[in-house]
Amino acid sequence: MTLTAARQVADAVLYEGYLLYPYRASSAKNRVRWQFGVLGPPGASTAGVGEDPSMAAEMVLEHRAGATVDIILRFLQVQSRTVEQWTGEAWAPADELVVGGTRWIPFHEAVAREVPLLLLPLDRAAQTHPVAVPGGREIEELYEGVQLVGRLVRTRWGLEGSVDVLARPGADPRAVVLTVRLHNGTAWSAEQLDGWTARDVAARASFVGTHLLVTAQGTSFVSLLDGPAWAAADVASCLQSRCWPVLVADDDGRDAVLVSPIILGDHPSIAPESTGDLFDATEIDEILTLRVMTMTEDEKSEARGTDPRAAAILSRCDALSDQELERLHGGRRDPVVEDEMPVEDEMPVEDEVPWWDADQDARAQPTTDSVLVNGVRVAMGSRVLLRPSRRADAQDLFLAGLTAVVARVYFDVDGGTHLAVALEDDPGRDLYGTTGRFYYFGPEEVEALPAREASS
């Protein structure tokens with residue numbers, strides 16, 4: 001299976017939320033981690049210290065004789081990192097150790113794991129595959145110059161689980177529905193805390209960032225978002241639990257499926273402008289990178305000691321060239337697939353003026369346009385009574401029951417209408433027009449009033 005491009009997206013899912021800016025263990029949002037794709041050990045969820053032990057996905061494929069599927073299970077295995085100081089005679093636990101300007105503290109790291117399942121015939125895919133990941137222990141010695149001053153002890157606990165695979169005929173004879181269910185069966189005990197919280201202990205026995213890469217040979221997947229009409233009933237019958245199957249492409253351009261704990265659209269991709277993972281795909285790379293670059297040396301020292309992956313982020317951000325940083329400012333990509341674009345001479349030309357350019361669109365005349373409010377035409381100069389109702393904020397509610405004068409009538413590109421108004425008794429009402437700072441209400445939020453009689 002050639003899944004280089006798909007793995008880039010899968011890796012982003014794997015580490016999403018692993019460690020968040022400012023990448024320091026002391027940060028509040030890094031004290032409760034492992035936000036996505038967590039299969040906790042049995043009982044952790046009911047105890048309030050972990051997540052449910054299972055997740056399941058269903059996907060639709062075309063029914064073809066001799067078809068097979070390959071499934072790769074990917075996740076993070078949590079490991080605890082303790083810090084010990086060498087006293088000259090023995091190793092002693094330490095809450096913190098500063099070596100070479102880097103602060104090391106006890107923390108939880110993670111190791112990426114990948115478990116490939118055997119080739120499964122789609123017409124006989126009713127199997128249970130045990131998953132067993134051994135524990136381990138590693139030691140990293142810390143030196144100040146040539147002098148041994150401490151060590152980091154990384155410990156992993158074994159994980160046990162299973163993957164159930166089942167195929168059933170679809171409602172349409174051209175379809176087959178594939179079900180994949182994952183379960184964490186790791187034994188654990190919250191009473192064995194050894195200085196860590198019960199949530200930390202549950203995390204050690206969890207599958208984290210769990211997702212699947214599924215490829216098919218001799219058949220094709222059906223999109224759950226934009227599939228053919230004949231598969232609509234089978235697509236609607238698919239049930240998902242804590243994950244969502246999206247189409248990704250293998251390196252030969254054929255569709256595969258990423259069963260993701262984060263809902264994505266079909267064929268997601270990593271932006272080519274991105275220089276690397278920041279573990280927070282909801283952020284804008286440019287903003288987050290600039291924030292990293294403003295961190296103090298003390299903050300960076302703590303982040304480097306928090307996790308090796310945080311240290312890599314800091315090094316990458318500090319080494320960015322001006323050209324790489326400029327690329328992060330954004331790019332423009334046409335969402336329309338090129339081979340689906342109409343021929344140029346067949347493209348209708350409805351308007352030479354861009355819809356978004358209000359200054360050039362002469363059809364927009366906010367000072368002369370009007371709208372009907374309960375049968376009364378309201379335009380610039382009309383008096384109205386304000387009745388805010390559009391999920392009104394506090395500012396709008398303060399204006400309820402006051403009278404105002406309409407200054408502009410706007411129509412947006414989504415078909416909405418907005419009345420720009422100035423409070424009738426506001427002594428600074430004339431300044432509203434020069435600054436353009438009006439109050440805005442919908443036609444259903446005002447009541448038309450008769451014109452004020454001229455004073456004699």
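The values are calculated or read from the model by the stated rules, or taken from the named source; none is laboratory data. Computed from a prediction, not measured in an experiment: that's the story for all the values here. Reconstructed Cβ throughout: ideal geometry from the backbone, glycine too, with neighbour counts over all protein chains shown. All accessible areas refer to the heavy atoms of the entire protein, side chains included, with ligands and DNA or RNA removed. Shrake-Rupley method; radii C 1.70, N 1.55, O 1.52, S 1.80 Å.
Couple of notes before you dig in:
- Label zone (TRP91, point 7 Å along Cα-to-C-beta; backbone nitrogen cut-off 20 Å) within the range 140-173: 140-158.
- Accessible surface of the chain [probe 1.4 Å, protein heavy atoms]: carbon and sulfur percent: 52 percent
- Here is how the number arises for the chain: DSSP H runs of 4 or more residues each give -39500 (n - 2.57), the sum is divided by the residue count, and the result at 222 nm is -4000 deg cm²/dmol.
- Cα centroid separation - the range 304-320 against the range 126-152, whole Å: 20 Å
- The modelled label-to-label distance for the pair HIS267/THR128, using points 7 Å beyond Cα in the direction of Cβ, is 4.0 nm.
- Difference of contour (0.36 nm per residue) and Cα-Cα distance, VAL98 to ASP164: 19.1 nm
- Sites ARG174 and GLU144, calculated FRET efficiency, Cβ-Cβ separation with R0 56 Å, nearest 0.05: 0.25
- Heavy-atom accessible area, probed at 1.4 angstrom with all protein chains present, ranks SER189, SER260 as SER189, SER260, highest first.
- Accessible area of the chain divided out per residue, in Å², using a probe of 1.4 angstrom: 55 Å²
- Sequence-distant contacts, meaning Cα pairs under 8 Å at least 6 residues apart, place the relative contact order of the chain at 17 percent.
- Gain upon complete extension [SER189, THR275; 0.36 nm per residue less C-alpha separation]: 26.8 nm
- For the chain, the alpha-carbon radius of gyration amounts to 1.33 times the rule-of-thumb value 2.2 N^0.38 Å expected for a compact globular protein.
- Straightening the chain between GLN217 and LEU325 buys 34.7 nm, computed as 0.36 nm per residue apart minus the Cα-Cα spacing.
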